[in-house]
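**Student:** Following this message is one structure expressed as structure tokens.
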Amino acid sequence: MSQRPIVLCGPSGVGKSTLIKKLFEEFPSSFGFSVSHTTRNIRPGEVDGQSYHFVTRDEFERRVRNGEFLEHAVFGGNMYGTTAQAVRDVHEKGAGRRAILDIDAQGVRLIKQNHPDLNPIYVFISPPTFGTLKERLEGRATDSKDAIERRLNMALDELAYARQPHSFDCIIVNQDLAKAYEKLRSVIQGEVPVPSDSVPPEDEAERLRRSS
């Protein structure tokens, strides 16, 4: 396998974290997760420098001005971003591991526009339908109603972007976790020559949200 970073994109609740966990379990010495920076408060069970680099807003904005971020965005009033150094650290401090980045569609746009030399493999993880995603988020019972609403609104943007031609090297519809993982594994090992899925067309739940 090459050392091209892997960018995973997809709506919150689509199963990206589970797929990444399975990849790490099968290939513990081959991949590393780039640790993002955030201005939000640390949560119970999180470890600074492993879950995120937790920084102040002033520190984050200083890094933005210095051009340190490959991509950055605001969600729920908090700032999130991935630095170029975080990606390099995976390779340099991880005995040659490949970096995996979990970022949103806005981040993908920024990397393509400002850092084409990074040359990652772009993979979009899609839900079977928008309605299915909505059910998954509401069923997790880990987010407030407002947070779910924000995540669903972000999902509209990400699905719309993924439907544009050539946005991603591969699209994987996560309807069956085992099959989705096998496809992701094949994409990474074979550097993408796996037939891509298509992002499902709008369902009634997505049309209703877009029109509201």
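Every number in this text was worked out from the coordinates using simple rules, so none of it is lab data. Predicted, not measured: the structure shown is a model, and the values here were computed from it. Here Cβ is always computed from backbone atoms with ideal geometry, including for glycine, and neighbour counts include all displayed protein chains.
**Student:** May I have the convex hull volume per residue, in Å³, for the Cα set of the stretch 158-212?
**Tutor:** 85
**Student:** Still on this model: Using Cα-Cα distances under 8 Å and only pairs 6 or more residues apart, what relative contact order does the chain have, in percent?
**Tutor:** 28
**Student:** Could I ask something else about it? If you add up the charges near E26, with Lys and Arg at +1 and Asp and Glu at -1, over every other residue whose beta carbon is less than 12 angstrom from its beta carbon, what do you get?
**Tutor:** Here the charged neighbours net out to +1.
**Student:** Could you give me the ³J(HN,Hα) list for the stretch 120-132, computed from phi with Karplus coefficients 6.51, -1.76, 1.60 and θ = phi - 60°, whole Hz, x at Gly and Pro?
**Tutor:** For the stretch 120-132, the Karplus curve yields x, 8, 9, 10, 9, 9, 10, x, x, 8, 5, x, 5 Hz.
**Student:** Kirkwood Rh, the stretch 44-91, all Cα pairs: how many Å?
**Tutor:** After inverting the mean inverse Cα-Cα distance, the result is 11.6 Å.
**Student:** Under a 10 Å cutoff between Cα atoms, tell me which one of G15, G45, G94 has the largest fluctuation in the Gaussian network model of the chain.
**Tutor:** With Cα springs under 10 Å in the chain, the top fluctuation among G15, G45, G94 is at G45.
**Student:** In addition: When the Debye formula is applied to the Cα atoms of the stretch 1-121, each taken as the same point scatterer, what base-10 log of I(q)/I(0) results at q = 0.21 Å⁻¹?
**Tutor:** -1.40
**Student:** If we sort 138-144, 29-35, 5-11 on the protection proxy, mean other Cβ atoms within 10 Å, highest first, what's the order? Don't jump to the answer; show the numbers that get you there.
**Tutor:** Working: 138-144: 10.4, 29-35: 18.4, 5-11: 24.7.
So the order, starting with the most tightly packed, is 5-11, 29-35, 138-144.
**Student:** Still on this structure, I have one more. Could you tell me what percent of the DSSP beta bridges with both partners in the chain are antiparallel, to the nearest 5?
**Tutor:** 30
**Student:** What are the ³J(HN,Hα) values, in whole Hz, obtained from phi via the Karplus relation 6.51 cos²θ - 1.76 cosθ + 1.60 with θ = phi - 60°, for each residue of the stretch 78-88 in sequence order, with x given for Gly and Pro?
**Tutor:** Per-residue couplings from phi come out as 10, 9, 9, x, 10, 8, 4, 5, 4, 6, 5 Hz.
**Student:** How large is ³J(HN,Hα) for each residue in the stretch 141-156, as worked out from phi by the Karplus curve 6.51 cos²θ - 1.76 cosθ + 1.60 (θ = phi - 60°), to whole Hz, x for Gly and Pro?
**Tutor:** With the stated coefficients, the stretch 141-156 comes to 6, 10, 10, 6, 4, 5, 5, 4, 4, 5, 5, 5, 5, 5, 4, 4 Hz.
**Student:** Something else about it: List every residue whose amide H lies under 5 Å from the amide H of S126, counting only residues 5 or more places away in sequence or on a different chain, with H placed 1.01 Å from N in the peptide plane.
**Tutor:** For S126, whose amide H was placed from the backbone, the distant partners under 5 Å are I172, V173, N174.
**Student:** What is the set of long-range amide H partners of H53 at a cut-off below 5 Å, with H atoms built 1.01 Å from backbone N?
**Tutor:** S36, H37, T38
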